[in-house]
Structure formats: C-alpha cells, structure tokens
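Okay, structure first, notes after.
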Amino acid sequence: MTKNTFENLPEEKRRRVLDEATVEFAEYGYHQASVNRIVDRLGIAKGSLFKYFGNKQGLFEHIFSRAVAGFKKPLKVIRDTPGLDFFERMEMSFLAGTRFVDDHPNLYRIYLKMLFNENFPLRERFLGEIRGAHAKYLRQLIEDGIRAGQLPAALDVDMAVFTLHAVMDRFIQGYAVPSLDNGLAPAASLPDLARALAAFLRHGLADIPSQE
C-alpha cells in the first residue's frame, strides 16, 4: 500500500522526494540521515513520508532498489547489442559504470559509504544484491564469450567472474575518487583507459601482443 501511495503521486513530486532523500543519505550516511531534514526541505509533513515508505529503512530500500535497476539498465543494453565480442562489451561496461557515477553522483556516494562502513544497516544484504546482479551479468558475458570462441573453453568461469567484478568495481571507484589511483592509473582519457584495460584483458600478462 505504501508503494502504491507513492507511485500514485505526480512524477515531479516523486522525483523531488527521492532526490532530497538521496542527498540526505549521501551526505550523512544511514544512521545520521534525518527524516526531519528531508521533510523540512520538501515542505511536507513527516507523516506523509512515513505513509509513502513506512519508515526510514523503507525509504532507503526504495532508493536502493531504484539505484540497482538504474545501474543494470545500460548493462542489459550492452549485453543484448549484437555484433560485439566479449572484450568490446567489457570496454563498454567500464564506461557505463563511469556514466552512472556522472549521472547519479549521490547514489554512488551512498554505495561507497556502504562499502567502507561495516556498521551500515543491512550492508551484507544490499552489497549482496549489487554483487549478485553484477555477477549474473558478467557470467552471461563470459559464457557467451566461451560459446563464441572468444574465451578459452576451459576457463574457470567462477574465477573469471570474481576477477572481472573486482576490476570493474575498482575501475569505477578510481574514476569516482581519483585520489585512490594517484600515481597508479596511466595518464589517458577515460575512453582510452577503458580501451587499454579491455586490451589488457584480451592479451593478459603472459600473452605479448604482436608489434606488427
């Protein structure tokens, strides 16, 4: 009932509620986020927000579920675009992650708070949902790449999923927080860096590309 009540609001009002709540969680984290501050900025009664979401946790869960859906949407497009090989899809995936940061900086700030704060409520559940969705996406890319002969048939798919998740997550973190990669990341434009990383995945450490 609470979800239906919120979804029946005009789109502009729904957007304002979610934007203000997202800013609050991004700025203060979960524990210090204040429903009072949110409703004061919105100019609505606290009871209205509780009617929409039940409580603060319900509000956060709604924001979180929308964020996961928003992150998955461009990845589905990449997955379903014909004519691309595995490594081209990975290159596009790197860039899709950075575009999400650009389009939703406060959502990504919440993710970083959740990632690095062990006291974040329901942290394991939320991170598990994110990682599960990402692992499912990567597994399909890998299995498609194996079927297409672009990856070795004997590839350890579980290890490949783990490695690619770590690489992609860290690539996006480095973009969002440049100081993490100070002195490490090659000096290159973002598209060139994504292309170089995809090429590195294609050739690996032991396979030296031809200079011809």
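All of the numbers you see were taken from the coordinates with simple rules; none came from a lab. Owing to the predicted nature of the structure, the values given are computational and were not obtained by experimental measurement. Methodologically, a virtual Cβ is constructed for each residue, glycine included, from the backbone with ideal geometry; neighbour enumeration extends over all protein chains shown.
What distance in nm lies between label points placed 7 Å from Cα along the C-beta direction at L9 and H31?
2.8
Consider the candidate values [x] 0.97; [y] 1.04; [z] 1.21; state which one is Rg/Rh (Cα atoms, Kirkwood Rh) computed from the structure displayed.
[y]
Counting each DSSP H run of 4 or more residues in the chain as -39500 (n - 2.57), what helix-only mean residue ellipticity at 222 nm follows after dividing by all residues, to the nearest 500 deg cm²/dmol?
The helix-only estimate for the chain comes to -24000 deg cm²/dmol at 222 nm.
Who wins for biggest fluctuation among I44, I142, I172 in a Gaussian network model of the chain, springs between alpha carbons below 10 Å?
I44
With springs only between Cα atoms under 10 Å apart, run a GNM on the chain and tell me which of F25, F162, F86 wobbles the most.
Sorting by GNM fluctuation, first place goes to F162.
Holding the Cα-Cα limit at 22 Å, pick out from K51/K73; K13/K113; K73/K136; K13/K51; K13/K46; K72/K136 the pairs that are longer than that.
K51/K73; K13/K113
Once you put a point 7 Å from the Cα of A45 and another 7 Å from the Cα of K136, both along the Cβ direction, what distance in nm separates them?
Placing both labels 7 Å beyond Cα along the Cβ direction yields 3.9 nm.
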